[in-house]
């Protein structure tokens, strides 16, 4: 195994609520604007929560061909558009790296749900026929059924012929996919990895299943302020959508070609709580363990962490769980370091959000600015850290911790640092 | 490399056998689990044969409170995982919690559960969707449930690469073992034999429309005309070799000696698919020459063009008729995320018993598919090293080399 290989981010592509592209994304975050609103993608009347964080996304305007638009679910479209933006941003030209040395690692929690549901409604006559009619199935229906096709689309976009995978660990899939991409480079199985995550869950079935467990905010009268992580008045998360994709490169090769390096990913670790599919114990024990391990692998101490990008979904149990985890893993440092949740602005896009948050971390390092937690007016007394309310903050940032937590008990932590001269 | 990944436990839920020994006995005898679809009336479907795990009753194997919370694919996965741990004689309570992990593959998640909930939503309204849809349908359900049931708190994972996923999951399991995890449950199971699941599979254009279960899935044969879908799969317990020896694990089936994954060139490029390269990289990773492999468990798509590609790749790596090749999945159908896991189990059992299971049904090899395909009856052979090959829809290729341990 090759142990001295390091992984840097040299290209970023983001499709997020409030604006397409990395630039629009960062402007939204630093302005502290929220992109949550009443759902327009489907008729949400009759739902408990009718709020979403939607992307104003026109696939044709983003350069997808009619064939690509037809065969790809919305989530796959996000992924491909982001991959192309990240590749262009990296300046890596096709042919510069042998295709066999390029890998792909894409995360998604719910895959092509939107396409699957829409096709089912057609084939089952509005759900009335359990025995659906196969004669009317569109040719790409199978591509919707197996989410791995989203990784295929990104591989084709990038011309990748190395290891390709779709990582689907629920709401930590984004961090896990980026971590898996790092792993491919650290272990020498690839030199470049197109890594990130995408989800487009704003469809009736996904909204209904979160309604059923009262996980999403019912604050339908004030959708712009419905995502309120760490706020005493929070009442659930806001379902979002989007994607972020990165060009990850082996650091020496990136430096040789004079690439712009946003940041280095130095540590990544996952733990499971083995407790409950949706419940979290308030002690934050397993997330703290993932944080400790990620810092250990990244050779970073608690005192080095300058910013924590929280999972911050805006459910009571999550906010208390991770606040406890930060204290457990970082001790006193947890009270000194700014912590924020960008879900307050762009909602919770399930598997995608972990990658979008990595983008926020890389850009925070790049600009030395901590994005805020919007809508945080009255802190929950049990959440007693510095959550950077309302306004972005200039702050020296060398090392960032990003965490994710998801259904199934997954807890993931990643440490991202400013590129240090060798 | 001081830390080596060995397999110490196997659990099987297959259409032709529930439990490892039942599966293996049926497979060696050439007994198929393919038959007419019974789960629903397939009369209106162009596909009427499948590999159902028909003797499986969830209530006999899955804790009752979990049954309504989970789809069939998770019932099968939970069952196989529990059997694999039993087989390994591994009591999770005796292992450090953070040094156990679960990494499974999923191809399509809880399709039948999802179909039922979407039906309720669209015919009755959003408030009729049940609370368990959020945890039963998604691809991470099986890993999450296994982790909770057995208290495994290490670095858990879920990989989707259609039929190749279970090899990637096993590769990830090996990586975890190398970096300090002591025990990993890995593998896959899938169960999408509901009307919508079958319809979606049919839309790939790769399913066999044959009505005769014995002739519907004939990889490498002149009569190849698609594959038969199945359900089920296998779970394996992977451990660090030194730890397995130290706890006197009852059996060590073999070592994951080599693994590699590649992806095909863009469609229409006219360039060679990535399968040969995956096989070569897996051999190199194992430090073995092609001549050291005693059997190849083929992907065996059953689609003429894909069979030709695979036969060409096997010939390019091993030479003409250079290695015995087999496809016991002809007796189970293709199990998606479960398929390569079941082949891994079969490869390890072939090593254990010195016997190569047959490929059922194939009578006449198609031109260009002239392989040493083990047919008719199982073939006794010294099997020290086996390669398992798998491909996933869209261009995934993966290969694993397992070797007998001393």
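In the set B:389, B:383, only one residue is crowded, with 16+ Cβ neighbours inside 10 Å and not in a loop (DSSP other than H, G, I, E, B); that residue is B:389.
Can you name the residue in segment B:330-350 that is assigned to a loop (DSSP other than H, G, I, E, B) and more than 10 Å from the chain's Cα centre (by Cα) and, of all such residues, is farthest from residue B:32 (Cα to Cα)? Applying the filter and picking the extreme gives B:333. The one condition from (1) part of a helix (DSSP H, G or I); (2) touching a helix residue (DSSP H, G or I) at 6+ places or on another chain (Cβ under 9 Å) that residue A:280 does not meet is (1). Looking only at segment B:146-186, residues that are at positive phi and more than 7 Å from chain A (Cβ to nearest Cβ) come to 1 in all. Going by the conditions given, is residue A:394 on the phi < 0 side of the Ramachandran plot, out of contact with any strand residue (DSSP E or B) (no Cβ under 9 Å at 6 or more places or on another chain) and surrounded by fewer than 24 Cβ atoms within 10 Å (Cβ to Cβ)? Taking the combined requirement at face value, the residue does not satisfy it.
Within segment B:114-132, does at least one residue satisfy the condition of being modelled with pLDDT of 95 or more, away from chain A (no Cβ under 11 Å) and either buried (at least 24 other Cβ atoms within 10 Å of the Cβ) or not in a loop (DSSP other than H, G, I, E, B) (or both)? No, there is no match, as no residue in segment B:114-132 is modelled with pLDDT of 95 or more, away from chain A (no Cβ under 11 Å) and either buried (at least 24 other Cβ atoms within 10 Å of the Cβ) or not in a loop (DSSP other than H, G, I, E, B) (or both).
Scanning segment B:136-153 turns up no residue that is outside the structural domain of residue B:365 (by TED's automatic domain parsing) and assigned to a strand (DSSP E or B). Looking across segment B:265-290, the residues that are surrounded by fewer than 24 Cβ atoms within 10 Å (Cβ to Cβ) and either at the interface with chain A (Cβ under 8 Å from one of its Cβ atoms) or free of Cβ contacts under 8 Å to residues at least 12 places away in the same chain (or both) come down to B:265, B:266, B:267, B:268, B:269, B:270, B:271, B:272, B:277, B:289. For residue B:189, the requirement of being more than 7 Å from chain A (Cβ to nearest Cβ), touching a helix residue (DSSP H, G or I) at 6+ places or on another chain (Cβ under 7 Å), in a strand (DSSP E or B) and under 25 Å from residue A:272 (Cα atoms) is met.
Counting only residues that are surrounded by fewer than 24 Cβ atoms within 10 Å (Cβ to Cβ) and more than 14 Å from every other protein chain (Cβ to nearest Cβ), how many does segment B:1-17 have? So the answer is 1. Of all the criteria given as (1) within 23 Å of residue A:106 (Cβ to Cβ); (2) touching a strand residue (DSSP E or B) at 6+ places or on another chain (Cβ under 9 Å), the one not satisfied by residue B:208 is (1). Of the strands (runs of 3 or more DSSP E) entirely within segment B:235-329, those holding at least 1 residues that are farther than 27 Å from residue B:221 by Cβ occupy B:254-263. Helices (runs of 4 or more DSSP H) fully within segment A:117-194 that include at least 3 residues being within 7 Å of chain B (Cβ to nearest Cβ) and in contact with a helix residue (DSSP H, G or I) (Cβ under 6 Å, 6 or more places away or on another chain): A:141-145. Please enumerate the residues belonging to segment A:81-116 that are within 13 Å of another protein chain (Cβ to nearest Cβ), in contact with a strand residue (DSSP E or B) (Cβ under 9 Å, 6 or more places away or on another chain) and either surrounded by 24 or more Cβ atoms within 10 Å (Cβ to Cβ) or not in a helix (DSSP H, G or I) (or both). Answer for segment A:81-116, where residues must be within 13 Å of another protein chain (Cβ to nearest Cβ), in contact with a strand residue (DSSP E or B) (Cβ under 9 Å, 6 or more places away or on another chain) and either surrounded by 24 or more Cβ atoms within 10 Å (Cβ to Cβ) or not in a helix (DSSP H, G or I) (or both): A:102, A:103, A:104, A:105, A:106, A:107, A:108, A:109, A:110, A:111, A:113.
The numbered conditions (1) closer than 26 Å to residue A:363 by Cβ; (2) part of a strand (DSSP E or B) are all true for residue A:271 except (1). Just a yes or no: is a residue in segment A:18-29 at pLDDT 95 or above, within 26 Å of residue A:114 (Cβ to Cβ) and part of a loop (DSSP other than H, G, I, E, B)? So far as segment A:18-29 goes, yes, one or more of its residues are at pLDDT 95 or above, within 26 Å of residue A:114 (Cβ to Cβ) and part of a loop (DSSP other than H, G, I, E, B).
The values are calculated or read from the model by the stated rules, or taken from the named source; none is laboratory data. What you see is a predicted model, and the numbers here were worked out from it, not measured in a lab. In this analysis, Cβ positions are derived from the backbone assuming ideal geometry, glycine residues included, and neighbour counts consider all displayed protein chains.
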